Amino acid sequence: MSEYLLLFMGAVVINNFVLTRFLGLCIFFGVSKNYDASAGMGMAVTAVITISSVFAWLAYNYILVPLNVTFLTTIVFVLLIASFVQMLEMIVKKYTPNLHKMWGIYLLLIATNCVVLGVPLLNVESGFNLAKSVVNAFGSGVGFALAIVLMASCREKLRLANVPKSLDGLGVAFIIAGCLALSFLGFSGMIK
Amino acid sequence: MKRYWDIFSKGLVLENPIFVLALSLCPALAVTTSVVNALTMGLTVTFVISMNNLIVSIFRNWVNPKVRVPIYITSIATIVTVAELLLKAFAPLLYKELGIYLSLVVVFAIILARAEVFASKNRPVPSFIDGFGMGAGFTLAMLIVGVIRELFGNGTILGYTVLGSWYPPALIFIMAPGAFILIGYLVGAWNIWSARIEKAKGERGETI
């Protein structure tokens, strides 16, 4: 049990996907202008990563490995995740229109995204079993949500600040992300 | 010829994929810890984006618009796999260092964006040049970041010691926060530079 807890905490704060591994930056900088959107995006990413890592694990271990075609991993994962997200969007739209109103747009945005593809690839690379893959994916999603919500809070405060014109927008966002990454660096070494 | 140069050069500065469009940032930060890695990544992306633009442009009239995105993704994924296998065979060490970021080239927004915005509407040769220009702009940005990070973070360039033993390496440049902060300031510098170029063009009466 403690092994899984450590894996989870590690994925959330120590190996935070955005701030130490630089995955999902496009969404991270694109969406974090707005607090509500960031929270919604964080939840959508967590759900999609967790479920798609299950599919990816099954596909890898029961299809790609037995057929000895692991060099196709990238293609298969991309198509698998993109079609899964599309399907999820349709299902959500049909059965829970309210949820769709909240999440629909984010689902389409993350259909092809580095963080959603990166987690399954890393799971496979680390040789995790199914349970560990799911825990790692869920932790990564929570870590992403944490980072983007923190970032959005900072950027909302920033609207009142007087930023030099050339740094306004993207430039200052990067510098803030750097400061956040610096504080997350404090967690490293917490778990061996 | 001038037209082709314009298509090529807009990717370098005014529409630089990293500093201006802010697309495909993940690798710009993740693999720029050394110049070699940055260069390899840049060349791989240039290869993928030009080949993909070429293929998308050749087949643009046969692709049903409704299913275009999955087709583009399949085409990109195939080319990336080819690049991956080539690197694995000829440069196994680099392949290991780039790790999953190489596979993640598939989901670079810039590649899909160029296919959608340019290659699906233009003839093969301009499309190829557009992809090549964007790739070159990407490589240029990667190199700038890579040189600064390796020089200040390690005191070397391409593995050769440049700053002698009197220079204590500033490790922060190699670590994650340094990458973010450095890119932040580079984006600022880029904004100033491209504003100057546009101003100069405006004074000469050219349309941008």
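Here the gap between A:Lys93 and A:Thr70, fully extended at 0.36 nm per residue and compared with their Cα-Cα distance, gives a gain of 4.9 nm. Compared with the dominant Cα axis of chain B, that is its longest principal axis, helix B:68-90 is turned about 40°. Most tightly packed first, judged by the mean number of other beta-carbon atoms within 10 Å of their residues, the peptides A:81-93, A:138-150 read A:138-150, A:81-93. Amide H contacts of B:Ile157 (H built 1.01 Å from N, in plane; Pro and chain starts excluded): B:Val162 sit under 5 Å, all sequence-distant by 5 or more or on other chains.
Here the mean projected area of the convex hull built on the C-alpha positions of the stretch A:2-185 is 11.7 nm². Expressed as a fraction of 2.2 N^0.38 Å, the C-alpha radius of gyration for the stretch A:56-99 is 1.50. Summing Lys and Arg as +1 and Asp and Glu as -1 over all other residues whose Cβ lies under 15 Å from the Cβ of A:Gly139 gives a net charge of +1. Helix A:170-185 and the longest principal axis of the C-alpha atoms of chain A enclose an angle of approximately 70°. Our compactness index for the stretch B:2-203, the C-alpha radius of gyration over the empirical 2.2 N^0.38 Å, is 1.08.
Here are some pairs, A:Lys94/A:Lys157; A:Lys157/B:Lys121; A:Lys93/B:Lys96; A:Lys165/B:Lys66; A:Lys132/A:Lys157; B:Lys121/B:Lys201; which of them have Cα atoms lying more than 31 Å apart in this structure? The pairs that break the limit, which is 31 Å between Cα atoms, are A:Lys94/A:Lys157; A:Lys157/B:Lys121; A:Lys93/B:Lys96; A:Lys165/B:Lys66; A:Lys132/A:Lys157.
Taking the C-alpha atoms only, the angle from helix A:35-59 to the longest principal axis of chain A is near 20 degrees.
In summary, the aspartates and glutamates within cross-link reach of A:Lys33, defined as a Cα separation below 13 angstrom excluding same-chain residues under 8 places away, comprise A:Glu156, A:Asp168. Per residue, the convex hull spanned by the alpha carbons of the protein assembly as shown comes to 176 Å³.
Report the GluC sites (Glu not before Pro) located in the stretch B:100-208 that are in a DSSP loop and have at most 11 other Cβ atoms inside 10 Å of their Cβ, or state none.
Working: sites: B:Glu116, B:Glu150, B:Glu198, B:Glu203, B:Glu206; in loops: B:Glu206.
Sites meeting the loop and neighbour criteria: B:Glu206.
Mean partner shielding of peptide A:116-122, defined as the number of other chain Cβ atoms within 10 Å of each residue Cβ, is 3.
Highest average first, the peptides A:181-190, A:26-35, A:43-52, B:129-138 ordered by how many other beta carbon atoms sit within 10 Å of their residues are B:129-138, A:43-52, A:26-35, A:181-190.
Scanning chain B for trypsin sites (Lys or Arg not before Pro) that sit in a DSSP loop and have at most 16 other Cβ atoms within 10 Å, the longest stretch containing none of them is B:1-120.
Read-outs: derived from the displayed coordinates by stated rules, not from any lab. Computed from a predicted structure; not experimentally measured. With ideal geometry, Cβ positions are generated from the backbone for all residues, glycine too; neighbour counts draw on all protein chains shown.
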